[in-house]
Structure formats: structure tokens, C-alpha cells
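Visitor: The following block contains the structure, expressed as C-alpha cells.
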Amino acid sequence: MTSIKAAITGVGGYVPDYILNNAELSRMVDTSDEWITQRVGIKERRILKEEGKATSFLAINAIKELLKKTNTEPGEIDLLVVSTITGDMRFPTVSNLVCKELGMTTALNFDLSAACSGFVYGIETVSRMVESGAYKKAILVGADMMSSITNYNDRSTSPLFGDAAAAVMLEPTTEDVGIIDRIIGFDGKGTDFLYLKAGGSLYPPTYETIDNGDHFLFQEGKTVFKSAVSTMSDISVDIMKRNNISSDELKWLVPHQANMRIIEAVARRMGIEREQVMINIDRYGNTTAATIPMCFWDYEKQLKKGDNVIIASFGAGFTFGSIYLKWAYDPA
Ligand code: ACO
């Protein structure tokens, strides 16, 4: 019996127009272009400034482009998963808002929360559902409006994040392409080092939580950095080894874009060249669940059918994952 795999068959993306560069940020907090470039590798990030717009707006625009590029009607979509930690509201879900706006009224839809591993967890979830045969045209979106939970008075976190969304279509295939292997995990070591304290059921909003800045993201950068380097390197090397992919045979590493130094360390451990790594952190910063599909969006014209691709992520939790896939189509 021929097995069904799930393959990415299209990509769409969206970033807001407003560019917050390091020069402007240096006027807001005590930092410099030199520090941010050397320590993190970011030059600018996009910020959604339009009144009344939030994460669903980013996701809707990314999906609109995806539907157009793939000649798909909204009614054909039977599954929509939105990976995000910055939903417009506690409920309804971003996926509900997207489906309402785009008329995807028959799609099973839900949000998935796994922070920076949101897209990888989403690929695991959606690909399994497509492989089951129950879903024929699925969309996975990574969408985050990180500016809504970033403290622009804090120099240790404000340079890092940006707003974006990117969407992929996943469809069943019997060809030798698509999602082949996955390592998905959670180690429980990170819950004290990367979190947003208030606004949930433990600390509902009060004047005190607002005064304390508890509605902004907190991270102990050094601890997160060390775990990100070792875990992302380990799982990326592991997935290469167990699929017998040499460094020459790997066409692309698509790493979560949190820090250029993390990306370089992972690539070094894998024994691959700079040209084999998708990088756009300099232009968008860390857009959480959106970084990996944003790379696909940026590099789509360079991707060819059959390319060996490994994606790797690490984020709050700590959650992590690497996925080995063969790209399913040539550039248009
Ligand atoms: N400008 C200038 N100086 C700064 C800045 C800044 N923007 N930020 C911090 N510094 C200073 C600090 O005050 C400190 O000064 P001191 O030595 O006088 O005390 C010095 O620079 C070093 O600070 P560190 O925090 O040790 O800097 P580090 O080299 O670790 O870089 C960073 C910080 C960029 C945050 C890094 O630790 C990192 O990238 N961590 C991982 C981030 C990540 O992967 N997050 C996961 C995803 S997020 C998610 O899941 C939502």
C-alpha cells in the first residue's frame, strides 16, 4: 500500500509596513545599532501600528496571499490551524476570526499555543491529520503580534521581537516529497525563564499587574540562549543522522530566528555552510510562530522540488522540534 504523506504546496506571508529600525529603537531605550547587530543580528523589525488591527489581521493577509497564489477558494479549506501566543482576545480564537472574515465556514479550526515552536508543533499536528486521509486542504499559519506584549522601556527584550504572519498549505501526496521525519519535544526546564505572567487565570489584570509590567514578556536571556543552542543543535544533528543526510545532501536548514548567534552555532554543529541556512532575522527580528514560514516565504523562489529541508525550533516551555521534509514543488 502506498503511504500518504503531507506536503507543503504553497506559501503566503504578510508583514506590516511600519519599520522600527535600530536607530529609532536607540532613541527609545539605552541601546545601539552596534550592540543589537553584534549580539543578536537584527537591523529592523515590522510593527503593526494600525488602530483596531491585531494578530488576526496579519493571519488574514498571509492567507489571502496563499489562497491567491494557489488558486484556492476559501470554501475548499477543510482545516485551519493558527499557531500564536498573541491572539486578538482570550477568546474567540484567531482561527475563528480568520474563518469568519474569509468565509471558511466549513473548516475545522483552532489555535495552537507553543510559542516559538508553534509552527513546528503545528506541522506535526496538521501533517498527521492530513496523513490520516480526513483532511485534504489544510492551512497552517504562524502569526504573532509580538509588539503587543513587548515592553518598549526594556532594552533587554525590546530589540528582539517583531510582528508578522506566514501561512502554508498542506495537502496529501503519494509522491516522494513532504514531511518525512520529526523530533518533537518539551523538557519542562524553561517555564521559569520565559513567560508572560499576567492576563491569564492565575493573575487576571489588576492595576497592580499593569504597574508591575506583568503583561509584558519576560525572559532570562542567557539561560534561554544556552538551552536554545544546545537543544536546537542536538535535535537538528539527530534528525540528519537518523535519516542518513550528509551535510552536502542537506539543501536548507530553516531555523527559528531568535538570535543570529544561535543560528550560526546550530549550523556549525551540523557542519553546513552559511549558504544552506535560511536567514531573515536581520529584517524581521523574532516573530515567534511566524519565523519559519516567513523564511519559506522569503526563499520560495530558491526552493526546488525534492530539496532536503530541516526545520528546527526552540521556545518557551522549553518546547522544541525538528522536522525533515522534502520540498514538494518548483518555483512558479
Ligand atoms: N543594548 C545594550 N546593552 C544591552 C542590551 C541592549 N539592548 N540588552 C542588554 N544589554 C546589556 C546588559 O545590561 C548587560 O550589561 P552588564 O554586563 O553591564 O550587566 C550586557 O548587555 C549583557 O547582557 P546579557 O543579557 O548577558 O546579554 P546576552 O549576550 O545574553 O544577549 C539576548 C541577550 C540577546 C537576549 C540573548 O541572551 C538571547 O538571544 N537569548 C535567547 C533569546 C531566545 O532565544 N528567546 C527564545 C524565543 S522567545 C519566545 O519563545 C517568545
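Visitor: Looking at (1) without any contact (Cβ under 8 Å) to a residue 12 or more places away in the chain; (2) touching a Gly at 6+ places or on another chain (Cβ under 9 Å), which is the one condition that is false for Glu24?
Guide: The one condition Glu24 does not meet is (2).
Visitor: Of all residues being away from the ligand (no atom under 15 Å from the Cβ) and without any contact (Cβ under 8 Å) to a residue 60 or more places away in the chain in region 225-250, which is least open to solvent (accessible area, probe 1.4 Å)? Just the residue, please.
Guide: Restricting to residues being away from the ligand (no atom under 15 Å from the Cβ) and without any contact (Cβ under 8 Å) to a residue 60 or more places away in the chain, the top hit is Val237.
Visitor: Counting just the residues of region 1-36 that are open to solvent by 50 Å² or more (accessible area, probe 1.4 Å) and among the hydroxyl-bearing types (Ser, Thr, Tyr), which one comes out farthest from the chain's Cα centre (by Cα)?
Guide: Thr2
Visitor: Can you tell me which of Asn151, Asn96 is part of a helix (DSSP H, G or I), open to solvent by 10 Å² or more (accessible area, probe 1.4 Å), in contact (Cβ under 8 Å) with a residue 12 or more places away in the chain and not aliphatic (A, V, I, L, M)?
Guide: Numbers: Asn151 fails: part of a helix (DSSP H, G or I).
Only one candidate passes the filter, namely Asn96.
Visitor: Looking for whichever is more than 16 Å from the ligand (Cβ to nearest atom), open to solvent by 10 Å² or more (accessible area, probe 1.4 Å) and assigned to a loop (DSSP other than H, G, I, E, B) here; the options are Phe91, Phe57. Which one fits?
Guide: Working: Phe57 fails: assigned to a loop (DSSP other than H, G, I, E, B).
Exactly one of Phe91, Phe57 is more than 16 Å from the ligand (Cβ to nearest atom), open to solvent by 10 Å² or more (accessible area, probe 1.4 Å) and assigned to a loop (DSSP other than H, G, I, E, B), namely Phe91.
Visitor: When you scan region 269-289, how many residues do you find that are in a helix (DSSP H, G or I) and more than 11 Å from the ligand (Cβ to nearest atom)?
Guide: Taking region 269-289 first, the residues in a helix (DSSP H, G or I) are 269-270, 274-276, 281-284, 288-289.
Subset that is more than 11 Å from the ligand (Cβ to nearest atom): 269-270, 274-276, 282-284.
Residues flagged as in a helix (DSSP H, G or I) and more than 11 Å from the ligand (Cβ to nearest atom) within region 269-289 amount to 8.
Visitor: Residues in region 60-83 that are open to solvent by less than 10 Å² (accessible area, probe 1.4 Å) and under 17 Å from the mean Cα position of the chain (by Cα): how many?
Guide: 7
Visitor: Among (1) in contact with a helix residue (DSSP H, G or I) (Cβ under 9 Å, 6 or more places away or on another chain); (2) open to solvent by 30 Å² or more (accessible area, probe 1.4 Å); (3) within 16 Å of the ligand (Cβ to nearest atom), which single condition is Glu171 missing?
Guide: Every condition holds for Glu171 apart from (3).
Visitor: Checking the conditions here, which among Gly142, Gly188 is within 16 Å of the ligand (Cβ to nearest atom), open to solvent by less than 50 Å² (accessible area, probe 1.4 Å) and assigned to a loop (DSSP other than H, G, I, E, B)?
Guide: The match here is Gly188.
The values are calculated or read from the model by the stated rules, or taken from the named source; none is laboratory data. As the structure is a prediction and not an experimental result, all values here were calculated from the model. Using ideal geometry, Cβ is built from the backbone for each residue, glycine included, and neighbour counts are taken over all protein chains shown. Please note that ligands, DNA and RNA were not included when accessible areas were found on the heavy atoms of the full protein model with its side chains. Shrake-Rupley method; radii C 1.70, N 1.55, O 1.52, S 1.80 Å.
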